[in-house]
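Undergrad: Shown below is the structure under consideration.
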Amino acid sequence: MMNLVTLLYLVASVCFIQALKGLSHPGTSRLGNLFGMIGMAIAVLTTAALIVELSESGVTGFGYVLGGLVVGGGVGAVMAKRVEMTKMPELVAFMHSMIGLAAVFIAVAAVAEPYALGITIRGAAIPAGNRLELFLGAAIGAVTFSGSVIAFGKLSGKYKFRLFQGAPVVFKGQHIINLLLGLALLGFGIAFIATESWTAFFAMLALSFVIGVLIIIPIGGADMPVVVSMLNSYSGWAATGIGFSLNNPMLIIAGSLVGSSGAILSYIMCKAMNRSFFNVILGGFGGETGPAVGGGEQKTAKSGSAEDVAFLMSNAESVIIVPGYGLAVARAQHAVKELAAKLTAKGVQVRYAIHPVAGRMPGHMNVLLAEAEIPYDQVFEMEDINGEFGTADVALILGANDVVNPLAEVKGSAIYGMPILEAHKARSVIVNKRSMASGYAGLDNPLFYMDKTMMVFGDAKKVVEDIVKAIE
């Protein structure tokens with residue numbers, strides 16, 4: 001039986017690897033998701049069959065496991081069906097928190113009754129190596145849980161609780177306190193490994209929950225894509241630590257894949273903002289007020305109507321659309337597809353420019369455009385499209401802000417050096433926003449005040465629909 005279980009876990013692992021490979025490109029993402037679902041189904045069913053066999057040998061509790069699968073699977077299915085695309089980042093943060101909490105519960109159960117999980121025989125002490133694994137799995141899981149809860153609140157943006165607001169929460173001596181708590185956490189972890197003390201174990205868990213909160217609250221909304229991918233990585237490493245303790249190869253492999261891919265994605269996100277990972281963790285931006293546009297001089301932005309935009313775009317040869325979080329909030333992706341279809345029918349070349357950190361989670365804009373079934377060959381990443389803005393007749397910016405802010409080229413600005421979509425190089429720029437409010441980085445945007453820029457205020461979906469109606 002164990003040989004068959006190992007084989008099926010190996011098959012599931014291969015499916016997970018294929019899932020990651022498929023998710024690396026929009027054109028193969030659906031196939032990648034399918035591989036992931038198949039792999040997880042194999043892993044769950046194999047584990048359930050193993051528990052059934054153990055129950056026949058006198059091990060009890062299968063009913064609880066089955067109940068957990070039914071309840072958890074049912075809740076997950078309902079949430080996935082009901083969640084709006086704009087709420088996807090919050091859903092991801094919620095799922096990360098559940099993985100972290102699961103790792104904590106398993107670690108507590110393993111410390112309480114290690115013999116029930118096959119770690120030791122009844123009455124024997126937990127081996128030091130397993131204590132180390134339980135310490136790592138529990139600590140990382142607790143940090144993941146509490147950090148993901150804070151990330152959920154920040155991503156939601158609808159809670160009045162200070163820690164859940166998008167602006168960074170900073171206080172004097174914050175980094176010193178984090179360092180001291182980290183050292184205390186390490187000390188209690190070592191004590192647990194050395195003595196198997198429950199007191200040290202729960203003290204370590206409590207500190208881990210606190211540290212999870214403290215490392216996320218100083219991070220502003222502009223850094224949320226990095227936070228999401230970082231917490232994804234943490235959840236993977238937590239699962240890996242528990243997998244070693246339980247001697248479960250499926251948890252080890254799946255956790256390692258999630259942990260390593262999340263770490264790589266975090267690096268990619270940081271590179272897209274020209275910032276180091278430690279710079280994000282130790283000093284996330286999102287609440288600064290950058291240099292005033294024009295040295296404090298009062299600036300006036302030109303505004304226009306949907307009819308003005310329709311005229312410009314109808315007479316253009318090339319249009320580049322830059323989607324941002326405002327498009328996601330308005331759920332305007334289907335209206336944008338209709339606009340692109342009308343322009344294409346008039347002989348206008350339409351392309352989409354995607355910044356790696358646009359939106360509130362990695363790949364947020366890609367997911368929205370894919371939902372509207374926008375052709376993949378029209379969607380371009382930043383490094384592939386930036387050279388085309390200079391020859392584009394119109395750049396249409398829908399709810400994006402920081403990712404097109406020329407202040408990234410101004411020394412002293414909070415986003416200096418961050419690679420941006422060079423929409424300001426287009427012959428005409430149209431910006432749709434609800435207001436002149438700054439983006440998550442808290443910076444004004446000189447692009448809005450350029451002579452070539454026309455501001456069109458309002459809900460992105462309504463504005464785009466009006467543009468479509470105005471195009472003859």
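The values are calculated or read from the model by the stated rules, or taken from the named source; none is laboratory data. In this text, all values refer to a predicted model and were calculated from it rather than measured experimentally. Glycine also receives a Cβ, built like all others from the backbone with ideal geometry; neighbour counts cover every protein chain displayed. Ligands, DNA and RNA are excluded from the accessible area calculation, which covers all protein heavy atoms including side chains. Shrake-Rupley method; radii C 1.70, N 1.55, O 1.52, S 1.80 Å.
Undergrad: Helix check for the chain. Which DSSP H runs span at least 20 Å along their own axis by Cα, with a mean Kyte-Doolittle hydropathy no less than 1.6?
TA: Flagged H segments are 88-112, 174-195, 198-216.
Undergrad: Shifting gears a bit: Could you calculate the contour length gain from residue 159 to residue 65, that is, 0.36 nm times the residue separation minus the distance between their Cα atoms, to one decimal place in nm?
TA: 30.4 nm
Undergrad: Same structure again: Taking only protein heavy atoms and a 1.4 Å probe, what accessible area per residue, in Å², does the chain have with all protein chains in place?
TA: 46
Undergrad: I would also like to ask the following. Can you check what the net charge comes to around residue 134, using other residues whose Cβ is under 13 Å from the Cβ of residue 134 (Lys, Arg +1; Asp, Glu -1)?
TA: -2
Undergrad: Label points 7 Å out from Cα along the Cβ direction at residue 391 and residue 459: separation in nm?
TA: Those two pseudo-labels are separated by 3.9 nm.
Undergrad: Now for a different question. With a sphere of radius 15 Å drawn around the Cβ of residue 447, what net charge do the other residues whose Cβ falls strictly inside it have (Lys, Arg +1; Asp, Glu -1)?
TA: +1
Undergrad: In addition: Within a Cβ distance under 10 Å of residue 424, other residues only, what is the Lys/Arg minus Asp/Glu net charge?
TA: Computed value for this residue: 0.
Undergrad: Starting from the residue with the highest accessible area, list 161, 94 in decreasing order, probe 1.4 Å.
TA: So the residues, ranked largest to smallest area, are 161, 94.
Undergrad: Using 25 Å as the Cα-Cα cut-off, could you pick out the over-long pairs in 425/469; 433/469; 346/461; 81/461; 21/433?
TA: Over 25 Å Cα-Cα: 425/469; 21/433.
Undergrad: Where the centre of each part is set by its Cα atoms, how far does segment 13-84 sit from segment 88-156, in angstrom?
TA: Computed from Cα coordinates, the inter-centre distance equals 19 Å.
Undergrad: What is the chain's relative contact order, in percent, from Cα pairs under 8 angstrom and six or more apart in sequence?
TA: 14
Undergrad: A further question follows. Which of [x] 144; [y] 162; [z] 240 is the computed volume of the Cα convex hull per residue in Å³ for the structure on display?
TA: [x]
Undergrad: Let me ask something else about it. So if R0 is 60 Å, what FRET efficiency would residue 37 and residue 302 give, r being the distance between their Cβ atoms, rounded to the nearest 0.05?
TA: Efficiency computed from Cβ-Cβ geometry: 0.75.
Undergrad: What residues have an amide H closer than 5 Å to that of residue 454, excluding those fewer than 5 places away on the same chain, when H is modeled at 1.01 Å from N in the peptide plane?
TA: Correct list: 429, 430, 431.
Undergrad: Of all the accessible heavy-atom surface of the chain, with the other protein chains kept in place and a 1.4 Å probe, what percent is carbon and sulfur?
TA: Solvent-exposed carbon and sulfur of the chain make up 65 percent of the total.
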